[in-house]
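The values are calculated or read from the model by the stated rules, or taken from the named source; none is laboratory data. Model, not experiment: these values are computed from the prediction. The accessibility values were calculated without ligands, DNA or RNA, using every heavy atom of the protein model including side chains. Shrake-Rupley method; radii C 1.70, N 1.55, O 1.52, S 1.80 Å.
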Amino acid sequence: MKRLACLSLALLLTACGPVKNLDPLGGLGGEDHSRYGFESGVQGWAPAAEGGSCTQVMSAPGRSLFGQSSLALVLDQMGNHYSGSPICPGADDAGRASIDLSASPVDLSARTLSLWVYLPPTGQSSDSAPTQAQIYLVCSAGSVYGNGAGVNLVPNQWTRVNFSPTAWAGPGALDQNGVFLNAGFDPSSIKTVGVKFSASGAAPCSFAFSGVVLVDSLDW
């Protein structure tokens with residue numbers, strides 16, 4: 001059984017520690033007009049169907065960069081991004097949350113997706129082995145996906161994560177900037193938008209983080 005499932009929201013959010021720039025208005029204050037600002041709840045987001053260490057998502061009132069609230073992802077034993085591979089055998093320990101848009105796929109051609117992430121101080125193995133976040137997309141052609149580059153997160157502050165998807169005929173390839181696209185990836189018909197958290201390849205396979213990360217102001 002996942003150990004964090006029974007913890008209260010108050011305890012989980014307290015575990016995040018103080019957020020820089022947090023004021024009574026939330027983060028930098030003002031309003032959040034982004035597509036997914038999580039001001040009125042989780043807006044359809046859930047732990048990703050692909051599995052991993054994200055066990056729950058919930059609204060985090062008062063914990064935000066913009067506006068009044070953000071999305072809290074509860075992670076249980078999030079680990080090295082090679083988890084589940086011969087390098088770090090075992091379960092896939094990446095933490096993923098996503099929204100299902102298959103009922104009405106979206107065209108993200110020539111768009112840049114952007115979101116902000118807050119990582120608590122205990123969320124990485126060390127400064128030389130940072131935890132990373134990346135945006136990923138699944139297009140309508142089966143399970144064909146594209147990953148944005150992993151962005152090194154700085155603990156105890158908000159970090160911006162971007163992804164500008166392009167069409168790719170294949171074969172599946174990882175470019176010099178860390179973007180991976182499956183063969184046949186088509187950004188004009190996206191059925192899933194998600195965010196993924198994992199320790200970088202520099203982290204030991206034994207590293208595991210259980211706690212909460214925050215996501216705010218996703219837009220394109």
Percent antiparallel among DSSP beta bridges (both partners in the stretch 41-137, rounded to 5): 90
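Considering only protein heavy atoms and a probe of 1.4 Å, how much of the accessible area of the stretch 63-220 is carbon and sulfur, as a whole percent? Each step should come with its number before you reach the end.
On the way: 3140 of 6080 Å².
Ligands and nucleic acids excluded, carbon and sulfur reach 52 percent.
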Paired Rg and Dmax values of the stretch 48-154, which use every Cα atom, in angstrom: 15.1, 43
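For the stretch 36-180, report the accessible area per residue in Å² (1.4 Å probe, heavy atoms, rounded to an integer).
On the way: 6140 Å² over 145 residues.
Result: 42 Å² of accessible area for each residue.
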Built amide H within the under 5 Å cut-off of Ala48, gap 5+: Arg96, Ala97, Ser98
